[in-house]
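Notes for the one structure printed next.
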Amino acid sequence: MATNEMQAQALNETGGGKTSFAISMLFPLFRATLWGLTGYFAAAWITAALLGSVIVNPLPATVGYIVGLVGWLMGSGLWEGWIRRAFGGAEAPAYTGVERYFRFGPDSKSTAVRYVVFNVVAFFFAGLAAMAIRVELLTPDSTGWWMSTIHYNMTFGIHGLMMLLAVAASVIVGGVGYYLVPLMLGVRNVVFPKLLGLSWWLLPPAAFAVFMSPTIGGFQTGWWGYPPLAQNSGSGIVFYVLGAATLLTASVLGAINIAGTMVYMRAKGMSLGRVPIFVWGLFAASTILIVEAPATFTGALMDLSDMILGSHFYTGPTGHPLAYMDQFWFLFHPEVYVFALPAFAIWLEILPAAAKRPLFARNWAIAGLVGVSMLGAMLGVHHYFTAVSPARMPIFMTFTETVSIPTGFIYLSAIGTLWGGRLKINAAVLLVLMAMMNFLVGGLTGIFNADVPADLQLHNTYWVVAHFHYTILGAVIFTWIAALYWWFPKVTGRKINEFWGKFHAWWFFVFFNCTFFPMFIAGIEGMNRRIAIYLPYLHGINLFISISAFLLGAGFLIPLANLVYSWRRGEKAEPNPWGSKGLEWQIKSPTPYIPFPEGTEPEVVGPNDNYAAGSKEPFVWVSTPSK
Amino acid sequence: MAENGYASLMDPAPERAKRGAFFFLTLFASIVFAMWDLARFLWGGTGVPSTLNMGVGIGLTVLMLISLVPVFGAQRKLNQGDDKGILSSMGALLVVAVIMICGIVYSWTSLPISSGYGGIYDITTGWFLLHFVAAILAFLATIMKGSRTPERAKRERWVSYNVLMYWGGMVVLWVVFFGIFYLA
Amino acid sequence: MNAAKENLWKAFRGLVLVWIVGMAIGETLIAWGINNWPLVGSVQARITADATTYLMWQAVAIYVLVGGAIVYSAMRFRASSASDAVIPENQKRTWAPFVVTWLVLAIGINLANTIYPGMVGLEQLWAIQMDTKSPLVVDVTAQQWKWTFSYPKQGVTDVSQLVVPEGRTIDFVLRTKDVMHDFWVPAWGEKKDVIPNEVRHLFITPTALGSTATNPMLRVQCAMICGNGHPLMRAPVKVVTAAKFKTWVSNNSF
Ligand code: HEM
Ligand SMILES: [Cu+2]
Ligand SMILES: [Cu+2]
């Protein structure tokens, strides 16, 4: 039997336990918190007692963090769910009902939903930090009643690190990607389901530690952690390093799963040429993480070692602080493509279905995604042209400028798809279009930073702050919200409220631009970044920016309310509300615990973006041959 | 507790995928070591301090190379479907890992972390040490699973393959480390 | 089939109109912005500002071409309603003239930018440095959180104000006593990180007379986060005539 009717069968039986939420389901979460905190304090205190120091010192804090992390993981269900079993012990039952959302487990769908929740929470707190920054900058001098310059420095450091590693790095890869990758590839789960489950549980303690870093003295380096300032401005840097390393590890675990699933587990008939473009985008991002994260990872550990073990990699008369920059930016430049490539790929996934046209120049788009990821490894130096020898300037300028060629392919493909189609502009599509416009500004202003002569003046000014907010907030976060709206019916079976979706899109677009465009001008007028106190001639523009920022920030309550409300009460959606040809929409919504029943599997028989009238369905359901 | 029926459905990767995708993990781990190896020249210069104990270094390296014998032996048994037969090899490798840890800790005593070479040597071997601890846990898990629940070990043979692959990778990384930190 | 094709060409004419109008508005705004550029106070600043303004003309042009195409095609080719079920006739997967034009332009612009303003600007900056026979040497010491300046040849040591003559190339020798800092006078159009255990040079040829009091762009500003005092790690700058500089030196040297 090879028909699409097959999907209708038996799916209900695989929807997982029909239990409803009970407070006792929070037990693993509670236990994880308890074990984590107890582990932290006990270990930090014992270490401090042994060394004759206090628990806020760097070494006790490090030991505490590691023990606390292990305690948290064990408490979350890692022990019953994985470790005990791996040693030949009893097997935990499969948690198929609501309880799977609250404990460690191998289900990629609940992991992805948890990612969304984590990202929202992290975005909220990091956003509050941004608001705090803007309150301080309402006036040129230090606003004593609000925060000192020390607190200001801690605040932008936490804001930056959290926005990057706890938000941007996983909003699309995690919440959207881990949900969709298996479904888009036509398999029931990723290649290492438990590793993926683990990746989420690494996030909360890491983010919590970074937010709590002021309690042990904070860190004033911003999110770069440059030595030797790192080692002499507060023990909080320990939480910065460990938090960043943990968050990176989580990213890498996800990357391994994405790459492995895409390479080894595609549905029958899905040649590489038929892999959905979104999976290509995630794959390109994953290769970056696997190949380039090690440099930064080792840099972070050496920074920490200088702090707690007395080594002198970057500090002291024999240290090489420049080497830290090399290591740090080796990943953290390409890391921006880890944020951006999945966002690009979302545009190209949504636009064909919305415009009812095939993806234009698909192979060029894939070349663009992969090309950017490959060039990315050679660009890091453009973040510190003001620190390097002249010989390195032209080389990295040339490489960096080259990267705009493959990036351009994304636009080529998107415009070609729109041209001559019939675009249905719902809130998600509107956000995608806005993201494209914002990224255009971010990308074009990046050329200034790549151009050494221009960058020698613009580097470390508000110009740069504007540039990267255009790319990350303006493109990645816009696209994140678009993706949440677009695939909302897949996850919840309901639609978001279109009116409030569009209303917020415009709100977001207007106040985003009002907040960040003036920052370009502030930069040109000589305002450097990371300053709590600025000269009075910059007051007017900063006042305007701050007020816009408050409106921008407040606006995020709209999508939050929209998502929560629609999840409970939203209009019921049909199985394939956008008429997409993507495989993920061939599966029942909300996706059952077992996405498609035992004995069936999809087979790909055509391109997944053929919208021509009367064209064949790209997938059929076939029965799995028994071995 | 009974094995649950959903578990295998929700972990659909075939052995080929499990073993193939493991490559990405080892790739990541090896590049971390490549970074340490490169860093050795930046911080350690080109010379080798006189306090470096060459004898211990050679001894540990030879031990690592010899440990390939049980690795290949176990691999062959796995290919033949003999899941029980690998347990003794795993035990031997576990002992090797313990000796390696002792050797590493011993070398630390003569190479202070505050010196250029000592710093990069200590942090690199520290990272090896972590991996040896992980390997010990992996061997222990394989042995215990193989003896307590042989059925499960048989069904999940890819785990044993990957554990062996992991150790094989460690051998390669250690030999490269030896070349760079002791000979170059 | 021809009907659809004709339509697309007609649509393209509309896009050209959007481009023309967008270009006119965008470039006018940029012209106005460049007219109001903050103080460009050194030969080097002229070079870096020229690079920046050139890229602005270009960025606006590209923004209008690409952004205009996005907005225009989203509006021109939108569905009539949410329930519109019409399938567009155009189902082309690629169209070589468009792809080739795009490729040629993208590669061309990139190569061009690497040469100008990239390499040309760098060569100009380097040339000043090479051609200077006897620069005025100023030792700059950065530390948390202040700047001190010494003029070794003039015998002026450890002053906290930077006084320099107009029109002469200065070799700033940059050192730090503790963490990283960054030596930056916004009006001089260039900055340089000051890195522990290293000595860096920055060559500047001031052209505009003035002082921090008359124009805040003329100030030494640390531009690399260096701890609590970072925002206030500034020092006043005074650019004076060569004659006035001589008197200042004789008043301040031992
Ligand atoms: C919600 C609106 C946001 C506002 C109003 C905002 C505002 C700011 C401000 C004022 C700064 C300080 C600049 C400085 O002094 O150097 C800053 C820094 C930063 N922001 Fe945001 N931001 C927002 C969202 C985001 C998002 C979504 C991201 C990334 C996902 C992000 C990433 C960063 C980073 C990486 C820094 C640099 C921190 C550092 O200097 O170490 N921001 N932001
Ligand atoms: Cu970058
Ligand atoms: Cu500073």
Test result for A:Ala354, in contact with a helix residue (DSSP H, G or I) (Cβ under 6 Å, 6 or more places away or on another chain) and more than 30 Å from C:Leu174 (Cα to Cα): yes
Failed condition for A:Leu195, given (1) in contact (Cβ under 8 Å) with a residue 40 or more places away in the chain; (2) within 15 Å of ligand 1 (Cβ to nearest atom); (3) hydrophobic (A, V, I, L, M, F, W, C): (2)
Single condition A:Tyr101 does not satisfy, out of (1) in contact with a Lys or Arg (Cβ under 7 Å, 6 or more places away or on another chain); (2) modelled with pLDDT of 95 or more: (2)
Lone unmet requirement of (1) more than 9 Å from chain B (Cβ to nearest Cβ); (2) touching a Leu at 6+ places or on another chain (Cβ under 9 Å) for A:Gly269: (2)
Residue in the stretch C:74-90 that is modelled with pLDDT of 95 or more and facing chain A (nearest Cβ under 8 Å) present: yes
Contacts under 6 angstrom Cβ, first residue in the stretch A:429-458 being in a helix (DSSP H, G or I), partner among the charged types (D, E, K, R), 6 or more apart: A:Leu430/A:Lys502; A:Asn449/A:Asp455; A:Ala450/A:Glu401; A:Leu456/C:Glu190
Test result for A:Ser213, over 12 Å from A:Gly254 (Cβ atoms) and either within 14 Å of chain C (Cβ to nearest Cβ) or within 15 Å of ligand 1 (Cβ to nearest atom) (or both): yes
Any helices (runs of 4 or more DSSP H) falling wholly within the stretch B:1-72 and containing at least 1 residues that are within 11 Å of chain A (Cβ to nearest Cβ) and over 23 Å from B:Val96 (Cα atoms): B:5-9, B:15-44
Hits in the stretch A:263-294 (condition: assigned to a helix (DSSP H, G or I) and of a type in the set (Gly, Ala, Ser)): A:Gly273, A:Gly281, A:Ala284, A:Ala285, A:Ser286, A:Ala293
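Name the residue, out of C:Leu125, C:Leu136, that is among the aliphatic types (A, V, I, L, M), in contact with a strand residue (DSSP E or B) (Cβ under 9 Å, 6 or more places away or on another chain), at the interface with chain A (Cβ under 10 Å from one of its Cβ atoms) and farther than 30 Å from A:Val429 by Cβ.
Step by step, each of C:Leu125, C:Leu136 is checked, and only C:Leu125 is among the aliphatic types (A, V, I, L, M), in contact with a strand residue (DSSP E or B) (Cβ under 9 Å, 6 or more places away or on another chain), at the interface with chain A (Cβ under 10 Å from one of its Cβ atoms) and farther than 30 Å from A:Val429 by Cβ.
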A:Phe208 without any contact (Cβ under 8 Å) to a residue 12 or more places away in the chain, in a helix (DSSP H, G or I) and among the aromatic types (Phe, Trp, Tyr): yes
Some residue of the stretch A:168-179 being surrounded by fewer than 21 Cβ atoms within 10 Å (Cβ to Cβ), aliphatic (A, V, I, L, M) and away from chain B (no Cβ under 14 Å): no
Scan of the stretch C:83-122 for residues that are within 32 Å of the chain's Cα centre (by Cα) and outside any helix (DSSP H, G or I), ordered by number: none
Qualifying residue in the stretch C:155-168 (condition: within 16 Å of ligand 1 (Cβ to nearest atom) and buried (at least 19 other Cβ atoms within 10 Å of the Cβ)): no
Checklist (1) among the aromatic types (Phe, Trp, Tyr); (2) under 19 Å from A:Val336 (Cβ atoms); (3) within 9 Å of chain C (Cβ to nearest Cβ) applied to A:Phe439, failing item: (3)
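Quick one: which residue in A:Trp578, A:Trp567 is among the aromatic types (Phe, Trp, Tyr) and out of contact with any strand residue (DSSP E or B) (no Cβ under 9 Å at 6 or more places or on another chain)?
A:Trp578
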Options C:Asn197, C:Asn228: the member that is modelled with pLDDT under 95 and either touching a Phe, Trp or Tyr at 6+ places or on another chain (Cβ under 8 Å) or within 16 Å of ligand 1 (Cβ to nearest atom) (or both): C:Asn228
Conditions (1) surrounded by fewer than 24 Cβ atoms within 10 Å (Cβ to Cβ); (2) under 24 Å from the mean Cα position of the chain (by Cα); (3) touching a residue at least 40 places away in the same chain (Cβ under 8 Å); (4) away from every other protein chain (no Cβ under 13 Å): number failed by A:Phe503: (2)
Candidates C:Asn228, C:Asn215 - the one that is farther than 21 Å from A:Asn449 by Cα, more than 17 Å from the chain's Cα centre (by Cα) and at the interface with another protein chain (Cβ under 8 Å from one of its Cβ atoms): C:Asn228
Among the residues listed as A:Phe511, A:Phe517, the single one being of a type outside the set (Ser, Thr, Tyr) and in contact with a Leu (Cβ under 6 Å, 6 or more places away or on another chain): A:Phe511
Subset tally (residues that are more than 13 Å from every other protein chain (Cβ to nearest Cβ) and either touching a Ser or Thr at 6+ places or on another chain (Cβ under 8 Å) or free of Cβ contacts under 8 Å to residues at least 60 places away in the same chain (or both)) for the stretch A:590-603: 1
Selection count where residues are more than 16 Å from ligand 2 (Cβ to nearest atom) and facing chain B (nearest Cβ under 10 Å), scope the stretch A:323-362: 1
The stretch A:337-386 - residue that is within 19 Å of A:Ala482 (Cβ to Cβ) and among the β-branched types (Val, Ile, Thr) and, of those, nearest to ligand 1 (Cβ to nearest atom): A:Val338
Matching residues, the stretch A:86-116, being part of a helix (DSSP H, G or I) and over 20 Å from A:Leu183 (Cβ atoms): A:Ala86, A:Val98, A:Glu99, A:Phe102
Members of the stretch A:607-617 found to be touching a residue at least 60 places away in the same chain (Cβ under 8 Å) and either of a type in the set (Lys, Arg) or in contact with a Lys or Arg (Cβ under 7 Å, 6 or more places away or on another chain) (or both), listed by number: A:Pro607, A:Asn608, A:Asp609, A:Asn610, A:Tyr611
Matching residues in the stretch C:205-223 - criterion: being crowded, with 22+ Cβ neighbours inside 10 Å and either within 16 Å of ligand 3 (Cβ to nearest atom) or farther than 24 Å from A:Asn460 by Cα (or both): C:Val220, C:Gln221, C:Cys222, C:Ala223
Looking only at the stretch A:371-388, and only at residues there that are away from ligand 2 (no atom under 12 Å from the Cβ) and part of a loop (DSSP other than H, G, I, E, B), the one that is surrounded by the fewest Cβ atoms within 10 Å (Cβ to Cβ): A:Val388
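The values are calculated or read from the model by the stated rules, or taken from the named source; none is laboratory data. Here the structure is a predicted model, which is why all the values come from computation and not from measurement. Cβ coordinates were reconstructed from backbone atoms using ideal geometry, including for glycine residues, and neighbour counts include every protein chain displayed.
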